[in-house]
Number of protein chains: 2
Amino acid sequence: MRFRILALLAALAIGSPGRAAELNVMPLPEAFSFASGRLAVTREFTVVFKGQKTAALEAAVGRALRRWEERTGLVFPRTPTGTYAFAADPEHATLVIDSAAAAPELPQLGVDESYSLEVTGAQVSLRAPTTLGAQRGLETLLQLLESDSQGWSVPAIAIKDHPRFPWRGLLIDVARHWQPIEVIKRNLDGMALAKLNVLHLHLSDDQGFRVESKTLPRLHAQGSDGHYFTQEQIREIIAYAAARGIRVVPEFDMPGHSQSWFVGYPELASAPGPYQIERHWGVFNPVTDPTKETTYAFLEKFLGEMTALFPDPYFHIGGDENNGVQWSANAAIQAFIKEHDLKNNEGLHAYFNRRIQKILTADGKNLVGWDEILHPDLPASAVIQSWRGPKGLAAAAEAGHPVILSNGYYIDLCHPAADHYLNDPLPSTNALTAEQQARVLGGEATMWAEWATPETIDSRIWPRTAAIAERLWSPAKVNDVDAMYRRLDYASQRLTEAGLLHQTQLAPMLRRYAGDAITPSGLEALREFVAFVQPVQGYRRGGYQDGSQFLALTGLADCATPDSKAGRAFARAVDAVVNGKADPHSLTRFAQSWRELGARIQTHAAETGARAAELKSLSEQLIDAAAYVGDLLGKFASARADEAWLKSASVRLEAISRPQSAAELSIAEPLKLLTAAASEWPRREKLTPAEWRELVHRTAFPPEKP
Amino acid sequence: MRFRILALLAALAIGSPGRAAELNVMPLPEAFSFASGRLAVTREFTVVFKGQKTAALEAAVGRALRRWEERTGLVFPRTPTGTYAFAADPEHATLVIDSAAAAPELPQLGVDESYSLEVTGAQVSLRAPTTLGAQRGLETLLQLLESDSQGWSVPAIAIKDHPRFPWRGLLIDVARHWQPIEVIKRNLDGMALAKLNVLHLHLSDDQGFRVESKTLPRLHAQGSDGHYFTQEQIREIIAYAAARGIRVVPEFDMPGHSQSWFVGYPELASAPGPYQIERHWGVFNPVTDPTKETTYAFLEKFLGEMTALFPDPYFHIGGDENNGVQWSANAAIQAFIKEHDLKNNEGLHAYFNRRIQKILTADGKNLVGWDEILHPDLPASAVIQSWRGPKGLAAAAEAGHPVILSNGYYIDLCHPAADHYLNDPLPSTNALTAEQQARVLGGEATMWAEWATPETIDSRIWPRTAAIAERLWSPAKVNDVDAMYRRLDYASQRLTEAGLLHQTQLAPMLRRYAGDAITPSGLEALREFVAFVQPVQGYRRGGYQDGSQFLALTGLADCATPDSKAGRAFARAVDAVVNGKADPHSLTRFAQSWRELGARIQTHAAETGARAAELKSLSEQLIDAAAYVGDLLGKFASARADEAWLKSASVRLEAISRPQSAAELSIAEPLKLLTAAASEWPRREKLTPAEWRELVHRTAFPPEKP
């Protein structure tokens, strides 16, 4: 938490070139320069392919032009068979696409994705070494459309672009809450827009096994409640992704996180069955028995089937959060460890991984796994996906493994986009050698789905994941948080136009939440209030609600979205005060608006019937937050705070920050900062600006005691 | 048009029992009476089946309870395998479902759908002769949920219910604009909620052939642009519908409306090919050649395949709008008519129908067709679906045919729900004998899709179709338009909760329409303005836009929805003035609000770039409408209008009513009425109220000259 705010201030201090602020493309291209003039987009807009073309590129052009038709209402020329007219003569086409080589039908890690785009008053010229690069350039072009009273146009510009990292992924967990194929497809459209290129499907976990297995059919038949992808659907997803230049990497988590496998095949487990599908969230004991040869016979059969189904050369076996309880409790397993000189459960896990890697190698796959699979005995070709922290990432790279960063990209934890944005896989402070740095392939945003359903998942993924996509695509120096948020608004709108529901779904959810007796003005107040609220961040939600597959995710925390704009505006105003760039009394207007909004909720809460209690509590907290800001403003003028004042402030802040139904006001952090600034204000004049900032942050967010 | 307003006034005059106004269930049950008290809905809510149960009923209970969990946030008890706990002991269950007989797995015309529901403070008792009746009762129960500060509950009530007509349908045209399976599924959920029981799929037309044919694969391969249901999807739709007690009746339109067939099989046509898929809307010349035996061989093969795919005993062959042009121009066809003594093209069409009916009879199907197939030679068992008017319906019933009414239920024409609601298949004024009346099976709303895409189709179907569903289910005497609109608001909310997008989709569409430069206040003004606007009614849209499959339906007319509430409120206020129940100056507040809204649009129009021109025009019209109302108010106090005044008023009204981008202000009709009232006001005192109303309506909407 502390890291975030400091880093954010640092980023603000760095700033960015003014020109960048005017290009509403995300990820921001590597280099661009505007020219004068613009190209009119009219009903005469035509396209021609000059170099290589593929079915994927042609389809991408079709989708792009259709998206523009939907935005503009124009109808572009078409051939008699209904496809867009591709003129034979490049001279007279509006858009000329020139790809030097056809990209493979199935995208591969490392295919050249670079492109250049030149827009003049007469023509768009899109050049790329591969058709895949041309597809990336099309996504950029799509975002350049503008409108004024003269009509639609694209500004004259020259762009050169290529990705910083070759592995830019999004993990979607379809196990905890089932996410059907339409969720996957619309998110693939979103990924294409953000130039992400790896869909990592987390296909099995304690709570569900989500792929049809023809060789071991009790896996999906008994482990999924009937919610799984058929193999035909998997092929459909892979084709849909491939057409957008996106690889699909499957993950079957083993040996832990696999209780759902044991419903149909209890003999796999390290303790006797029977097993049921796990319904709750957490780390559970059931784990595969790695000491039996029948386990490997089973997995060889299973992996043989799945490696044939998923064509990508990378295959993820999870490997995380094996708590060892079943292994420790099983005498035969402990005897096996002794007998094979494996030392302990970790050694046994490493043995299991080596056996699995042999199978995967025979099937032509590279193994990928989470931090925990890292072990001196693991062959260097195995890819480590780091979820636990920068140390793990560095250790893996130093040990010679290709690595992917996910720590810091856990979008399910509902942190702001800025946190993720400033989390660099290769920060300038990294201590890796050039060779080790080259092993850092990129990163993946992880959408774990304990608290996400098809109705809410888009708003947990987007638009924040577009900020991660920019981190992984754009140069490291593109790190101005304000400019990022400005571009993110545009990206969010483009994502909605592509079919993502992150903006759209809020209104019907709120309407259902509010109930039938809500008045229009009550609903409007509620809408503003929910925009002020956020789902609790981090792993805290399970502390407030009984997390299970059966709880409908339709409450206040689900209507609210992460990264509240209203909260962000207050945080910026507080930063300005702390940094001496604004008078503390500039915050009065926030307090005033909270009082008004809180009062409106108090007025209308009863209209929401059974929801009234939680709304009343939270709105009282907001009203007290307003009063608290008033009190703090008084404090700025008085002496340094004593213990008693600090204690009572802390109690009050605690009450203001209290979640209701796992939703909380989005202003707790800046209020802490403001409290620290107010209490220390008299010391300010004696310190340098840097020392003062440091003092305020340390006071607000004291380092945890060891 | 005139019919509608007169009928609406008549209905208002009739009124309805006060109690009905308090039951927010649609369709309104046949009989109900509230008792005192209520049943608390808590996390202890359990269900038990006392009588017969089917998989469909169990699944329906699961869906119903899940819908309630989503609304309440409660988690109801479940068994270890994750299904809802069905207690063994009816005494202690909250909901007891007692069905005397299991309904057939595939719903059939005429299956008993009646049920009774009794809610006490302790228990809900749902009784039905069949499990299908129990499913209908569940939909009623679902709509009874209420909330207050005490929590969730259902009011104590006794309900007895059964449908007035056994055939209550919705036609969805998937040919003009393709509507994929998810559109069909969510609309089936909506149909179940509205107790509709027939999904009529219009599967082929000039613009597309939408079902996979294994025996004649060029039908879908060349006639669909790749947009068709696979046979597996058809089976999925049929199963999904059957689980909700809904029959699926397929329609393959022939011999006209079949150009898409000829792309792959030009030899079927009555003129030489080649043919392309038709892209525009209208009635076209290509028509099947009914004189060749090869045609019947083809159709026997085709119908054999399709009658096996679609299990319902009814099979629709269209038969409408064959303009005869190709037949008249073909000497061989004309010779055939002469040779077989068929008299004319109509005789040839009847010959074709008889041949088709023979095939269908051999396949075990009853033929259904539109009005045009009615012919003295048509066997009485053929069902006539009447789209052209009450006369056609009566003629068919008199000729002994079962009949279905669709005239008056053309929801694609964007008329208000009230029009459809007051359109009774068997109005009290009908001249049919009891035997003929018994042949009136019911009706079907028709969603023709020239102007509807997956994005907009829900808002063209819902909520208005729920009013038609009530007409077909509830007793004829349930016809209070105000009460209907009140219930419709609740139904609309339940439909949204079931996944329909009729409310949800407006915001993102408007946001895309408005463009990137729109400000929040501009967007809010636009939202209010679009709620004031409607897509042009009737068949006029093609007069304003070049109708084709290529035009993106994302403009002003698509963001607007039929049956504007704002327009309706003004119409009611005008009615009150016309009927002497309100002072003309009560209308001043409308004019004032229009001026303000119009001015806001003028202020913000430039933010919408290329859309500014149409918004400026329409907002100017609204501002002039406000001024016009002011002028009319002056007129009320003065002498009867002369020719010159009437002429200038008419010109001004014409300008105010002018559509922009096929969207128009929703106040043109009441303004005409108000103009007539103002111009005739001095005569009012000499007339009875009825004579005065008649005069005003005749003046406003003069009968068309013959």
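The values are calculated or read from the model by the stated rules, or taken from the named source; none is laboratory data. On a predicted model such as this, the values are computed, not experimentally measured, just so you know. Glycine also receives a Cβ, built like all others from the backbone with ideal geometry; neighbour counts cover every protein chain displayed. The protein model used for the area step is the full one, side chains on, heavy atoms only, and it has no ligands, DNA or RNA in it. Shrake-Rupley method; radii C 1.70, N 1.55, O 1.52, S 1.80 Å.
For the reader, a short list of remarks on this structure follows.
- If you check A:T453, A:T429 for being over 15 Å from A:R388 (Cα atoms) and open to solvent by 30 Å² or more (accessible area, probe 1.4 Å), only one passes: A:T429.
- Hits in region B:59-90 (condition: assigned to a helix (DSSP H, G or I) and either of a type in the set (S, T, Y) or touching a residue at least 12 places away in the same chain (Cβ under 8 Å) (or both)): B:A59, B:A60, B:V61, B:G62, B:A64, B:L65, B:R67, B:W68, B:E70, B:R71, B:T72, B:P90
- Residues of region B:668-689 that turn out to be among the polar types (S, T, N, Q) and assigned to a helix (DSSP H, G or I), as a count: 2
- Scanning region A:177-234 for residues that are under 25 Å from the mean Cα position of the chain (by Cα), at negative phi, among the charged types (D, E, K, R) and not in a helix (DSSP H, G or I) yields a total of 3.
- First in region B:323-347 and farther than 16 Å from B:T288 by Cα, second anywhere and part of a helix (DSSP H, G or I) and among the hydroxyl-bearing types (S, T, Y), Cβ under 8 Å, 6 or more apart: B:H340/B:Y351; B:L342/B:Y351
- Residues in region A:230-245 that are buried (at least 24 other Cβ atoms within 10 Å of the Cβ) and of a type in the set (A, V, I, L, M, F, W, C): A:A241 only.
- Matching option when the condition is assigned to a loop (DSSP other than H, G, I, E, B), under 30 Å from the mean Cα position of the chain (by Cα) and modelled with pLDDT of 95 or more, among A:L360, A:L367, A:L426: A:L426
- Among the residues of region B:484-504, those that are part of a helix (DSSP H, G or I), more than 9 Å from chain A (Cβ to nearest Cβ) and open to solvent by less than 20 Å² (accessible area, probe 1.4 Å) comprise B:M484, B:R487, B:L488, B:A491, B:S492, B:R494, B:L495.
- Residues of region B:78-90 classified as facing chain A (nearest Cβ under 10 Å) and either closer than 18 Å to A:T453 by Cα or surrounded by 15 or more Cβ atoms within 10 Å (Cβ to Cβ) (or both), total: 3
- Search result, residues across region A:24-74 that are at positive phi and within 14 Å of chain B (Cβ to nearest Cβ): A:G73
- Of all the residues in region B:460-480, those that are hydroxyl-bearing (S, T, Y) and either open to solvent by 10 Å² or more (accessible area, probe 1.4 Å) or in a helix (DSSP H, G or I) (or both) number 1.
- Scanning region A:31-48 for residues that are open to solvent by 30 Å² or more (accessible area, probe 1.4 Å) and either in a helix (DSSP H, G or I) or not polar (S, T, N, Q) (or both) returns A:A31, A:F32, A:F34, A:A35, A:G37, A:R38, A:A40, A:R43, A:E44.
- Qualifying residue in region B:306-321 (condition: modelled with pLDDT of 95 or more, within 24 Å of B:S381 (Cβ to Cβ), surrounded by 18 or more Cβ atoms within 10 Å (Cβ to Cβ) and of a type in the set (S, T, N, Q)): yes
- A:L556 of a type in the set (A, V, I, L, M) and open to solvent by 40 Å² or more (accessible area, probe 1.4 Å): no
- Remark: B:D189 matches the filter, which requires a residue to be under 26 Å from B:S406 (Cα atoms) and open to solvent by 10 Å² or more (accessible area, probe 1.4 Å).
- Verdict on B:E105 being more than 30 Å from A:S661 (Cα to Cα), in contact (Cβ under 8 Å) with a residue 24 or more places away in the chain and open to solvent by 30 Å² or more (accessible area, probe 1.4 Å): yes
- Residue list for region A:335-353, restricted to those being outside any loop (DSSP other than H, G, I, E, B) and surrounded by 17 or more Cβ atoms within 10 Å (Cβ to Cβ): A:F336, A:I337, A:N345, A:L348, A:H349, A:A350, A:Y351, A:F352, A:N353
- Of the set (1) surrounded by fewer than 22 Cβ atoms within 10 Å (Cβ to Cβ); (2) within 14 Å of chain B (Cβ to nearest Cβ), all apply to A:G630 but (2).
- In region A:155-176, the condition of being out of contact with any Gly (no Cβ under 9 Å at 6 or more places or on another chain), within 18 Å of A:I246 (Cβ to Cβ) and outside any strand (DSSP E or B) is met by no residue.
Yes/no per residue for (1) of a type in the set (G, A, S); (2) in a loop (DSSP other than H, G, I, E, B); (3) over 32 Å from the mean Cα position of the chain (by Cα):
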residue: A:S619; (1), (2), (3): yes, no, no
residue: A:V629; (1), (2), (3): no, no, yes
residue: A:K635; (1), (2), (3): no, no, yes
residue: A:A644; (1), (2), (3): yes, no, yes
residue: A:E691; (1), (2), (3): no, no, yes
residue: A:H697; (1), (2), (3): no, no, no
residue: A:E704; (1), (2), (3): no, yes, no
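- Residue tally, condition free of Cβ contacts under 8 Å to residues at least 60 places away in the same chain and within 28 Å of the chain's Cα centre (by Cα), over region B:140-155: 0
- Residue in region B:667-680 that is over 30 Å from B:R541 (Cβ atoms) and free of Cβ contacts under 8 Å to residues at least 12 places away in the same chain present: no
- Hits in region A:374-392 - residues which are among the aliphatic types (A, V, I, L, M) and either open to solvent by 70 Å² or more (accessible area, probe 1.4 Å) or under 23 Å from A:D424 (Cα atoms) (or both): A:L374, A:A382, A:V383, A:I384
- Residue satisfying all of: in region B:267-291; among the charged types (D, E, K, R) and either without any contact (Cβ under 8 Å) to a residue 12 or more places away in the chain or within 14 Å of chain A (Cβ to nearest Cβ) (or both); nearest to B:L342 (Cα to Cα) among these: B:E278
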